[in-house]
Ligand SMILES: Nc1nc2c(c(=O)[nH]1)N[C@H]1C(S)=C(S)[C@@H](COP(=O)(O)O)O[C@H]1N2
Ligand SMILES: [Mo]
């Protein structure tokens, strides 16, 4: 059957996945049109590899992924980033890789994106505040970039820094955290194949509110480790200081692995609400990625190293 009449599709049958696939088809058409009109067709990311690391759980609707955000540089309310980041200038962009490595280098977005084949990775994401989403990210393992940098023997950690410019982000002043936003990983965590350097979601380049043009995605850790709008990556010999551990070290540790057994000082982390669902679900150790990442923490007391 070539044409399926609309009345045959009940709204309840339309899963986020179908919406996504339809949207993709639509975007393919739109990009073709843009080309025909001689415009740059940069919005769509094509030839995505599928990944064995993707979950097949239902995806969180695009609308929620792009309107329920944490990006304190654009305001602390969940709806603020979508509203306040619309004019965020992400072109030209530079990401500097420096520190204890043989090949320090500055990349623009295009050269960075072309460094390795892009994959689609559908990951569960768990925010420290008790909600979670399932998001089809687009990117490649951060390891590809770090390998090109050739870390020296001194490199044991990786420090990350976000863009911060108060004229573009006037609300940053009232965010209550130290900006530019900074995060860190141990080198082996940063090199782990699950750790993604991310350029898009749902088939598109990243919307500004989700961390355009390039961010980190670390699915077995609380969301705040997944730093947005990256401008600096530094190979470090010591554990770097991070935004949330500076502002409140008792509540936010360096590791911040998703761990239902370690409560936040002010609330339990044993369960979570998947955005769009009504009932709470149990939070899984390492957000369900234990088979891949548990060996990284052999012999480490995860209650002390929260
Ligand atoms: N630069 C920067 N990165 C950030 C944040 C932020 O405020 N600033 N918030 C973090 C938090 S707490 C979460 S839960 C995720 C949210 O990512 P999303 O809005 O794309 O779902 O981004 C993380 N990265
Ligand atoms: Mo978060």
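The figures follow:
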item: Selection count, segment 119-144, where residues are more than 10 Å from ligand 1 (Cβ to nearest atom) and within 16 Å of the chain's Cα centre (by Cα); result: 14
item: Close pairs (6 angstrom Cβ cut-off, 6 or more residues apart or separate chains): over 16 Å from residue 59 (Cβ atoms) and modelled with pLDDT of 95 or more in segment 103-131, assigned to a loop (DSSP other than H, G, I, E, B) and within 16 Å of ligand 2 (Cβ to nearest atom) anywhere; result: 128/222
item: Any pair with Cβ under 7 angstrom, 6 or more apart, that starts in segment 189-211 at a residue that is closer than 20 Å to residue 240 by Cα and ends at one that is within 16 Å of ligand 1 (Cβ to nearest atom) and assigned to a loop (DSSP other than H, G, I, E, B); result: 189/195; 195/218; 197/214
item: Strands (runs of 3 or more DSSP E) fully within segment 56-160 counting 3 or more residues that are more than 22 Å from residue 235 (Cβ to Cβ) and within 16 Å of ligand 2 (Cβ to nearest atom); result: 119-126, 131-141
item: Test result for residue 260, at pLDDT below 95 and either within 16 Å of ligand 1 (Cβ to nearest atom) or more than 17 Å from residue 142 (Cα to Cα) (or both); result: no
item: Boolean, residue 72 is within 23 Å of residue 46 (Cα to Cα), at pLDDT 95 or above and surrounded by 15 or more Cβ atoms within 10 Å (Cβ to Cβ); result: no
item: Check on residue 231, closer than 21 Å to residue 99 by Cβ, within 12 Å of ligand 1 (Cβ to nearest atom) and over 14 Å from the mean Cα position of the chain (by Cα); result: yes
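The values are calculated or read from the model by the stated rules, or taken from the named source; none is laboratory data. Keep in mind that what you see is a predicted model, and the values were worked out from it rather than measured. Positions of Cβ are generated from backbone atoms using ideal geometry, with glycine treated the same way; all protein chains shown enter the neighbour counts.
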